[in-house]
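First up is the structure itself, then whatever we jot down about it.
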Amino acid sequence: MPRRESPLQSETPQGTLDMLVLRVLVMGPAHGHTIAHAIERGSEDVLQIEHGSLYPALHRLENRGWIASFWGTSDNNRKAKYYRLTPTGRKQLAAQTTRWEEIVRAIGRILKPSEEKP
Amino acid sequence: MSWRRFFRRAQWDRDRAEELRSYIEIETDENIARGMSPQAAHRAAHIKLGNTVRIREEIYRMNTISPLDALGRDLRLALRGIRRRPGFTLAVVLTLALGIGANTAIFGVVNGVLLKPLPYPNASELVSIKHTAPGFGVPVLRMSASQYFTYREEGRVFQHLGLYGDGGQTITGLGEPEQARALVMTYDALLALGVQPQLGRLFTEADAKPSGPAAIGVARPLILTHAYWQRRFGGDRSVIGRRLLVDSNPAEVIGVMPDGFRFLDMKPAAEVISLITIDRGRLTLDGFNFSSLARLKPGITVADANADIARMLPIWLNAWPAPLNLAGKEVIESWHIAPTLQPLKDEVVGGIGDILWILMATIGMVLLIACANVANLMLVRSESRAHEFAVRTALGAGRWHIAREVLVESLVLSLTGGVLGMALAYGGLTMIVSTAPTTLPRVEDISLDPRVVVFAVVISIVSSVLFGLLPAVKHATQRGQPLAGAARGASTSRERQRTRNALVVVQVALALVLLVGSGLMIRTFQALLSVVPGFATTGDVQTARVWVPPQQVREPERVTRLQHDILDRVAALPGVRAAAFTSAVPMEGPLRVWQQTIFVAGQTYAPGTIPSLRRAKSVSPGYFGAIGTSIVAGRDITWTDVYGRARVAVVSENFAREVWGSPAAALGQHIREAPTAVWGEVVGVVHDVHEDAVHQLAPPFVYWPVLMENFSGTPLAATRAINLVIRSDEAGSESLMSGVRNAVWSVNPSMPVFLVRTMKDLYDQSMARTSFALIMLAIAATMALALGVIGIYGVIAYVVAQRSREIGIRLALGAAPTQLKLMFLRQGLVLTAVGAGVGLVTAVALTQWMSSLLFGVERLDLPTYATVLGVLAMAAALASYVPARRAAAVDPVETLTAE
């Protein structure tokens, strides 16, 4: 079977999802469900995601050592796997945010001038 | 990705599954809190999460080392496929096992004989020294003792340089007198080889000094080989220092060689090693009777060494006196002696390299044919899997994926064939080693060593690519083929059929090449058989050697009388029809035959030149009758001639024709072996004898009496080492030989009888090289023909099966069965014709490599080519006729209603 990108990855620029996850975890440890809803809300529902596609991303981030996991109990007393940001992940987030902003600025520069010209 | 995760991925997966379940639970809880029914809440949660299996798969794949994982899967698939089709698998594996096994076996021989270094340290530094002498008319000139001294003392490139020769030595003082096979050498030959003794020491320079042990009454040093030490001394370690009588001289054992020690390719192996004693004061330039070996200094090339010897040759020419029977040094100068050094390995291996490489190429072709056959089988089989592959492609399998699966299956098949082939090769090698022709050197070095195993694995892999690549590519590229079409199987792709045809053409072409090769060998063998060797090869001529040491019988005439006495006793044995003796029997090797400059009375020789070199030996009266050489003119030598010391001679027919024009004209003429010697009268002319080998021309020959005055500088010369020649129906039997031994021992109880063999043995030995090549090529060609025929049969049978519907329609529409038969027959024959055409061109090009093996037949021998084409055409006709007949027998009703 050929690999298929998860919908979220295919609809958002590469690495964006990773950054969003890291961003959510800055606030403190959270489990998958919380992270999915946080991203959905945080992006003002622009990023419509199948929540399941979040999990491969979590797995990837954990493999890279940017986040770590532990089993805990959710607010409504369910067993859940929590993720927290590691120091490496924190650094990565900073780096990626900077880079992301640069890209956005660059794209903005490319797109705007043509609009501003009389 | 890491190995740890790779092996723990099952646990990881369980972990993920639980995590996803927890999501569903939480989401369901929230949905219920929002007022949904539990059922709807659960379903909404699932929708929100998406396909959990796919998520888990994706994570699972992140943890795989995917090529490895895929390989495991493909392997399982391949094994399953193999189990499911035992017939197909058996056919493929057996074909490959034969091909790979035969190749591995021959490579084992090539490796042992040609590739492995000689079993001495830094064997690449070892060389043998020979010379060319274009002015002398012999192909190679070996080394003289005077050259040995000059090269050793003036040379700049040698670490050690030694001379050696072989012979027999009688060892007494150990019960029965025994002729031990002796290796004689200068002290430095073993040093050059770089070997160490197991016990005691090797020869030293001090041993070689004439004032040293070689002087009268002092024991000469002797080294024993391991086998002889075990046999005669039971491995007794106190053997060092023991005194023996060697050729009636005292000798002292100074060392024992280790078990694995072999001296070059000396056969039969030496039993004792003794020192050549050279009286330096009496040396002249000539006497090129020694073989030599030397170890070059590190970094010196053969070219450097040749240059150094070329530099020393003038020094040598000045330093030593001219030979006694030649006028002066100008004669030797006129020979234009030049060095030709050779790596010692080449000297040991000799001319066998040609045959072995030809065999290797031949057997390689058989493997190619086998691969073509297997490729065809795979294609046919994959036809039936086309539907499966089409379905899988439709389900998203990639091209590489399908190609890889076919390749893995090929690899499994060919490695299985390879393992089986290695077992076959082991058996084959054991057989080759035990029955190897005597012309095959270094048989002891042949084994299934790691290099041979690696070779087998490599050719297994290469084969799998060869026969797997075509089907793999075909499948991978058939994407566009509609599923429905593949399922019906009614139409065959034209291109697929073309591929199969091409494979058959290749097979037929290769088979033709091999058939031509073995056909030429058969013709060569026929030509050899039709050569009249000039002596009886019927198996009723027994020979054995007896030597009369000077220490026991000093006086030459008494030597001859003693030999005559032995002869009379042997002739009186029951069943013996004739008995005689000679200094050398035909085909026993060049060493015992004399090379003499024969001067002819009445011919003048320009100053500074000498007549050409002729072969000569001594023969007793009755020799020609006993050995089976007919007398063409004149008479035999008689005992009256011998004891009357009449210098008479018998010459060969070609000698007589060359010098005097006809055999009759030779009678009464005179010849002599040196310008100052006595003239000998030619009293008889005998049939030519192929003295060297069947495939070599019979050399002009001179036969002298066994007792002569003033012969080669000796006042009275007897032949001390004689070969008895005994005509008896019991030749080759132990009863005859025990009679012969008793006859010899009743005359003198301390004389050994050795080198027992029949003339048929010697003759067969001379044919051995050709028959070895013939048998191997014939085996290869038979395999090739069989595989080729199977190939043709397979293709035609397949076409018939595929087109049975069409055949049915044709028959229903009124086509004649004969016509249909012809149609398929024609198809088979056209394929064969194309293959034969390609094969002919290839054969004409390739057979030039086997010229060195041929005798009495042209490389482009028309009868061979015609016969081979005939055989091939017949085989092909048969192979296509059988399936073609099946086509004609098709029942139209059955085939048309089959679907």
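The values are calculated or read from the model by the stated rules, or taken from the named source; none is laboratory data. The shown structure was predicted, so the numbers you read here are calculated from the model rather than taken from an experiment. All Cβ positions, glycine included, derive from the backbone under ideal geometry; neighbour counts span all protein chains shown. Accessible surface areas use protein heavy atoms only, side chains included; no ligands, DNA or RNA. Shrake-Rupley method; radii C 1.70, N 1.55, O 1.52, S 1.80 Å.
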Percentage relative contact order, chain B, counting C-alpha pairs under 8 Å, at least six apart:
15
For B:Lys821 the rounded accessible area (nearest 10 Å², probe 1.4 Å, non-protein molecules ignored) is 50
To check my understanding: the extent here is largest minus smallest coordinate of the Cα atoms along each principal axis. What are those three numbers for chain B, in Å, largest first?
137, 73, 55
Amide H proximity to B:Ala649 below 5 Å, modelled H, separation 5+ or other chain, gives B:Glu681, B:Val682, B:Val683, B:Gly684
Please compute the alpha carbon radius of gyration of the range B:9-95, then divide it by the globular-protein estimate 2.2 N^0.38 Å. Two decimals is fine.
1.83
Would you mind getting the Kirkwood hydrodynamic radius of the protein assembly as shown from its Cα pairs, rounded to one decimal in Å?
36.9
Taking H as built 1.01 Å from N, whose amide H comes closer than 5 Å to the amide H of B:Glu709, not counting residues under 5 places away?
B:Ala717
Interface residues of the range A:64-93, defined as losing at least 20 Å² of accessible area versus the chain alone with a 1.4 Å probe, are A:Trp71, A:Asn76, A:Arg78, A:Lys79, A:Lys81
Cut-off under 19 Å on the C-alpha distance; same-chain residues fewer than 8 positions from A:Lys91 excluded. Which aspartates and glutamates are left, in chain and number order?
A:Asp18, A:Glu62, A:Glu101, A:Glu102
Using the Karplus equation 6.51 cos²θ - 1.76 cosθ + 1.60 (θ = phi - 60°), what ³J(HN,Hα) coupling, rounded to whole Hz, does each residue of the range B:562-573 give in order, writing x for Gly and Pro?
5, 5, 4, 4, 4, 4, 4, 5, 5, 5, 7, 5
When the Karplus curve 6.51 cos²θ - 1.76 cosθ + 1.60 is applied with θ = phi - 60°, which whole-Hz ³J(HN,Hα) does each residue of the range B:444-449 get, with x for Gly and Pro?
5, 8, 7, 7, 8, 8
May I ask you to list the aspartates and glutamates whose Cα is less than 12 Å away from that of B:Lys130, ignoring any residue fewer than eight positions away on the same chain?
B:Glu347
How large is the accessible surface of B:Ile59 in square angstrom, using a 1.4 angstrom probe and rounding to the nearest 10?
10
Per residue of the protein assembly as shown, what 222 nm ellipticity follows from adding -39500 (n - 2.57) for every DSSP H run with n ≥ 4, rounded to the nearest 500?
-17500 deg cm²/dmol
So, by mean Cβ neighbours within 10 angstrom, what's the order for A:70-77, B:182-189, B:229-236, B:834-841 with the highest one leading?
B:182-189, B:834-841, B:229-236, A:70-77
Report, by chain and number, residues whose modeled amide H sits under 5 Å from the one on B:Lys130, excluding near sequence neighbours (fewer than 5 apart, same chain).
B:Thr340, B:Leu341, B:Gln342
Solvent exposure of the protein assembly as shown as accessible area per residue, Å², 1.4 Å probe
45
Treating cross-link reach as a plain straight distance, find the lysines whose alpha-carbon is under 28 Å from the alpha-carbon of B:Lys760, omitting any fewer than eight places away in the same chain.
B:Lys267, B:Lys617
At a 1.4 Å probe, what is the % contribution of carbon and sulfur to the accessible area of chain B?
60
So for R0 = 25 Å, FRET eff. of B:Leu529-B:Met431 from the Cβ-Cβ r, to 0.05, ends up at 0.50
For the range B:44-60, in residue order, the Karplus 3J(HN,Hα) values (coefficients 6.51, -1.76, 1.60; θ = phi - 60°; whole Hz; Gly and Pro = x) are 4, 4, 4, 4, 4, 6, x, 6, 5, 4, 5, 4, 5, 4, 5, 5, 4
Cα centroid of the range B:869-899 to Cα centroid of the range B:23-102, whole Å:
46
